[in-house]
1. What do you reckon, is Ile356 buried (at least 20 other Cβ atoms within 10 Å of the Cβ) and in contact with a strand residue (DSSP E or B) (Cβ under 8 Å, 6 or more places away or on another chain)?
2. Restricting attention to the range 247-258, does a residue exist that is in contact (Cβ under 8 Å) with a residue 60 or more places away in the chain and under 24 Å from Leu160 (Cβ atoms)?
3. Output the residue which, of all residues in the range 220-274 that are in a loop (DSSP other than H, G, I, E, B) and polar (S, T, N, Q), is surrounded by the fewest Cβ atoms within 10 Å (Cβ to Cβ).
4. Run down Ala30, Ala91, Ala110, Ala68 and say which single residue is of a type in the set (A, V, I, L, M, F, W, C) and free of Cβ contacts under 8 Å to residues at least 12 places away in the same chain.
5. Filter the range 381-404 down to residues that are in a loop (DSSP other than H, G, I, E, B) and of a type outside the set (Ser, Thr, Tyr) and give me whichever is surrounded by the fewest Cβ atoms within 10 Å (Cβ to Cβ).
6. Say whether the condition of being among the aliphatic types (A, V, I, L, M) and either within 22 Å of Arg330 (Cβ to Cβ) or in a helix (DSSP H, G or I) (or both) is met by at least one residue in the range 439-450.
7. Going through the range 308-328 one residue at a time, which ones are aliphatic (A, V, I, L, M) and either in contact with a His (Cβ under 7 Å, 6 or more places away or on another chain) or modelled with pLDDT of 90 or more (or both)?
8. When you go through Lys458, Lys475, Lys467, Lys503 one by one, which is the residue that is more than 24 Å from Asp389 (Cα to Cα) and touching a strand residue (DSSP E or B) at 6+ places or on another chain (Cβ under 7 Å)?
Amino acid sequence: MMAETTNMIDVTINKDVLVIGSGAPGVEAAEAVAGKGYKVVLVDGAEGPSSVSGDIEVMANTRVESLAGLTGDFRTCLANGSGSSERTFGAIVVAPRYGLTPLNEAYGLALDDKVVSMTRMEELLDDPAFKENLAQGEKTVAFLSGFGQEGDPAATGRVLEAALAVQQLGNSRAYIYANNVKVGARGLERLFTQGRNEGVVCFKPLEKPAIEQGGTLKIVINDPVVREDVVLEPDYIVVEEQVVPGRENLDLAETLRIDTDLDGFIPSNNVHRFPANSNREGIFVACQPADAANVALRVADLLVDGVWTVAKNAAVVDENKCAICLTCYRCCPHGAIFWENGVAAISPVACQGCGICASECPMDAIQIGDFTDDSLKADIEGAVESISDTPSIVAFCCQNSAFEAGEAAKAFDAELPKGFRMVEVPCAGKVDVEFIMKAFVEGADGVMVAACHEGNCKAERGNTFAKWRVAEVQKRLEDMGLNKDRLIFTTVASNMAEEFSVKIREFAKQL
């Protein structure tokens, strides 16, 4: 790979931070960021928090009406009943609010005064009269968890805390019927052990309990150890709840141009987004109070002292070629493209150098730092090597996944075809149709495009763009009367050295 000269520049960025959402995650995040010495503005569409600690400006009944600008210079329009105001921030923290839907129908139950949701039981446990009734009446409370949906640590924590609270009320007894007790969060293992030591009984049946709801509640499970039915007639049944995204979160995601997952949750279901990132540099996510520390660290890493040193030529636009078609703006997964002097411009702070914009640009007006079109074409020419009795294979490999797997395969002396060569790309999204066709023109017998797994692409959709382009070239090959199977698309993780070598060997045999 012929590396281009990378010029570094200092970019001045705003150090104020906007936190959106004043629930527990938002307040915790605002206080943690303020504790790092940054000025924080906390906005909420409702009444706002009852109190916050630290020097935090609270704007209740306020919404983010629009967002312009980029990382380090987010220009927001904040609107409320008295009008709107323009504010600029270097970073934004989103603390989304979610709703809860009881899953009683998944158990064939109807909610009433004896069959209640998890939220309702938490409310009852704050009622002194209800707690006295439990304590003196020797009541039994059964909690249902994990059979209506796949459980998670947050839901487990709510069940464990409520069950322990019931168990600690004199003669009351708490039972948990759980498909899977997920304690993979801070303090949950200790909480589970405490509950068990204080008498909370936890059943983990192989199948969903059989429940009768009539004059008397009845729960029946089969104990696989004693091979008999275990019957409980509780006074109360507490059903689990499903977390659902609020409409306001989806609207906010659209305003901020951040991705959600398929169910509408922020952030997208991508390993590179956890625990606090979004697809846009400078916009972070705090889904629960425990995320506050990670958010504060990420904000501090970004803003530091208000100056960020970045590569000037991470992505460069040729103003003479730019047709202002908006293609790059629409396809950029990081929201790094804006308009300046009548043409597209790319923020060196927000750009992550994936190259999707460069490959999608119909005018070839964008070049990516160390991966210019000329340097990649030179790499392709050098990768095609004619060796007798073995096919020449050019593999375009994402530097974050397949290229590392390929390097590891070579380091471990894995068996690889003699005619196999890799071309490193910043992301599979940089592999455009021209590069694939050039490999064939240069004499390659086969071409592989190796991308990240779904949900593991740093550019979010680079693997998707690459897959589309491979399908397009396969159709072209077929139209020309050539074997479309000379070109394949695959996904490889960085730690899959052996699997990578197997894929290459199988492709060579196919050729």
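The values are calculated or read from the model by the stated rules, or taken from the named source; none is laboratory data. Everything numeric in this text was worked out from a predicted model, so none of it was measured. Backbone-built Cβ (ideal geometry, glycine too); neighbour counts: all protein chains shown.
1. No.
2. The answer is no, given that none of the residues of the range 247-258 is in contact (Cβ under 8 Å) with a residue 60 or more places away in the chain and under 24 Å from Leu160 (Cβ atoms).
3. Out of the qualifying residues, it is Asn269.
4. Ala68
5. The selected residue is Asp389.
6. In the first step, residues of the range 439-450 are kept if they are among the aliphatic types (A, V, I, L, M); the result is 439, 441, 444, 447-450.
From the residues that got through so far, the ones that are either within 22 Å of Arg330 (Cβ to Cβ) or in a helix (DSSP H, G or I) (or both) too are 439, 441.
Checked against the condition, which is being among the aliphatic types (A, V, I, L, M) and either within 22 Å of Arg330 (Cβ to Cβ) or in a helix (DSSP H, G or I) (or both), the range 439-450 yields at least one hit.
7. Ala315, Val316, Val317, Ala323, Ile324, Leu326
8. Every option except Lys467 fails the conditions.
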